[in-house]
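Chemist: Mind looking over this structure? Questions follow.
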Amino acid sequence: MSYVDEVYERVVNQNPGEVEFHQAVKEVLDSLKLVISANEENYRKMGLLERIVEPERIISFRVPWVDDNGNVQVNKGFRVQFNSAIGPYKGGLRLHPSVNQGILKFLGFEQTFKNSLTGLPIGGGKGGSNFDPKGKSDREVMAFCQSFMTELSKYIGADQDVPAGDIGVGAREIGFLYGQYKRMTGLYEGVLTGKGLNYGGSLVRTQATGYGLVYILDEMLKHNGKDLNGKKVVISGSGNVAIYAAEKAQQLGAIVISLSDSAGYIYDESGIQLDLVKEIKEVRRGRIKEYADVVKTAVFTEGKGIWSIPCDIALPCATQNELDIDDAKELKKNGCFAVAEGANMPSTRGATDYFLENGIYFMPGKAANAGGVATSALEMSQNSQRLSWTFEEVDEKLHDIMVNIYAKAADAADRYGVSGNYVAGANIAGFEKVVDAMMAQGIV
């Protein structure tokens, strides 16, 4: 049995039931077989893979809070500090009923390589809780966030661990969390990113993941003789990533024809009216089906099925494993020639393999959605320098970072004889930097 297979078997045996974590580890390790085989004896001696798949630290805690009826509720809170070889832990906080330790380990593992690809000095981490902010009052969300941060504040800091937002954690939640951190520590520092602009936040942070997704998609298409102009694009989700991916795609001449949420999806053949989507989702916190109530050219369909819509380009921006092999086959049959992931691991392994084997240009999430964390790191830089950059300055830096990520993934794929396989390229390029740092720092 190869070293890679041994380590994967160990991961499965020691982390039972954590299927998303298993999936993420297998995808990365399979991509790295070419790299590992060239250094297998040394890596095995140093226990390198065993260390890279094991989080440095997992903090688990209870989060008691009082609801509007005066009843005490209790949720589970986590922070997975996965790898700090190249910088302080950096990764979002997710508030969603599906959150558990296994999902956060998968996200923290992915984050380690994603952050490496940005070229910025940030390690990998992830955290969150099974608390659901949907349907909660502002007071209830504040009560939860204050309780959560009371415990989390013991383990984070501007040079130690810098969380950000993720699913369920937007500007409101970041504000409550940051206020409690200051209250607990007495420190006004860049310990959280995604902050409001009037207390240390960065311009472009709201748009960053969606914009970055389209920047790297555009770069991939250019290098393969294609472009976005006039192409029909299907995007899943209707949160920040989806909305601002749609905005940038439209700016580059694409026609975005679909968006979704957990209830279903809208199809607007004439092109999505983003101003209306922003009004529904960002102002009213409503459901995407409300779009079809207003726009007569739009149709709302309940449930899944968004990937059955004929398109040129698909951008899965909702959640993990939302696009399976049957969806991949449907996209191919209907003329889709490019897929880029705005969410974390939204394509199953079967779908990913199908894309690669059938000539569909495919950019994986750890490269394609790195714009969010890259801009978070730029926010950290501004906080450290007590500066505030213009929208244009941050956007230009983001664009350059995404172009460089494409170049790193393409170069690594070329060097190891798998040209055009951006999954392998991104994994190899991210791995190389982390491993060099780990080897240099000894057995830690």
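The values are calculated or read from the model by the stated rules, or taken from the named source; none is laboratory data. Everything quoted here is computed from the prediction, not taken from an experiment. Positions of Cβ are generated from backbone atoms using ideal geometry, with glycine treated the same way; all protein chains shown enter the neighbour counts.
Chemist: Give the residue that is surrounded by the most Cβ atoms within 10 Å (Cβ to Cβ), with candidates limited to residues of region 314-343 that are aliphatic (A, V, I, L, M) and touching a Cys at 6+ places or on another chain (Cβ under 6 Å).
Modeler: ALA314
Chemist: Scan region 236-261 and report the pairs whose first residue is under 28 Å from LYS134 (Cα atoms) and assigned by TED's automatic domain parsing to the domain that holds GLY212 and whose second residue is of a type in the set (Phe, Trp, Tyr) and assigned to a strand (DSSP E or B), with Cβ atoms within less than 7 Å and a gap of 6+ or a chain change.
Modeler: ILE257/TYR267; SER258/TYR265; SER258/TYR267; LEU259/TYR265
Chemist: So, one more: Considering region 361-403 alone, what residues qualify as being within 20 Å of GLY420 (Cα to Cα) and either touching a His at 6+ places or on another chain (Cβ under 7 Å) or surrounded by 22 or more Cβ atoms within 10 Å (Cβ to Cβ) (or both)?
Modeler: Those that are within 20 Å of GLY420 (Cα to Cα) and either touching a His at 6+ places or on another chain (Cβ under 7 Å) or surrounded by 22 or more Cβ atoms within 10 Å (Cβ to Cβ) (or both): PHE362, MET363, PRO364, GLY365, LYS366, ALA367, ALA368, ASN369, ALA370, ILE401, MET402.
Chemist: Let me ask you something else. Would you check which residues across region 289-331 are outside any loop (DSSP other than H, G, I, E, B), farther than 18 Å from GLU357 by Cα, in contact with a helix residue (DSSP H, G or I) (Cβ under 7 Å, 6 or more places away or on another chain) and not acidic (Asp, Glu) and list them?
Modeler: TYR291, VAL294, ALA298, VAL299, PHE300, TRP307, SER308, LEU315 - these are the residues of region 289-331 that are outside any loop (DSSP other than H, G, I, E, B), farther than 18 Å from GLU357 by Cα, in contact with a helix residue (DSSP H, G or I) (Cβ under 7 Å, 6 or more places away or on another chain) and not acidic (Asp, Glu).
Chemist: Scan ARG10, ARG51, ARG94, ARG44 and give me the residue that is touching a strand residue (DSSP E or B) at 6+ places or on another chain (Cβ under 6 Å) and among the basic types (Lys, Arg).
Modeler: ARG94
Chemist: So which residues in region 1-47 are surrounded by 21 or more Cβ atoms within 10 Å (Cβ to Cβ) and outside any helix (DSSP H, G or I), if there are any at all?
Modeler: Scanning region 1-47 gives a single hit, LEU32.
Chemist: Could you give me the residue pairs with C-beta distances under 7 Å whose first residue belongs to region 36-59 and is under 17 Å from VAL434 (Cβ atoms), whose second residue is crowded, with 17+ Cβ neighbours inside 10 Å and hydroxyl-bearing (Ser, Thr, Tyr) wherever it lies, and which are 6+ apart or on separate chains?
Modeler: These pairs meet every condition: ILE36/TYR3; ILE36/TYR43; TYR43/TYR3; LEU49/TYR3; LEU49/TYR43; GLU56/SER84.
Chemist: Would you confirm whether or not region 220-235 contains a residue that is under 23 Å from the mean Cα position of the chain (by Cα), assigned to a helix (DSSP H, G or I), within 27 Å of VAL423 (Cβ to Cβ) and in contact (Cβ under 8 Å) with a residue 12 or more places away in the chain?
Modeler: Scanning region 220-235 turns up at least one residue that is under 23 Å from the mean Cα position of the chain (by Cα), assigned to a helix (DSSP H, G or I), within 27 Å of VAL423 (Cβ to Cβ) and in contact (Cβ under 8 Å) with a residue 12 or more places away in the chain.
Chemist: Still on this structure: Which of the residues that make up region 236-285 are among the β-branched types (Val, Ile, Thr), part of a helix (DSSP H, G or I) and farther than 15 Å from ALA343 by Cβ?
Modeler: VAL277, ILE280, VAL283
Chemist: Here's a follow-up. Listed residues ALA409, ALA429, ALA351, ALA377; which is within 19 Å of the chain's Cα centre (by Cα), touching a residue at least 60 places away in the same chain (Cβ under 8 Å), over 22 Å from LYS126 (Cα atoms) and in a helix (DSSP H, G or I)?
Modeler: Just a single option satisfies the conditions, and that option is ALA409.
Chemist: Now for a separate question. Could you list all residues from region 204-219 that are outside any helix (DSSP H, G or I) and either farther than 15 Å from PHE391 by Cα or of a type in the set (Gly, Ala, Ser) (or both)?
Modeler: Correct list: empty.
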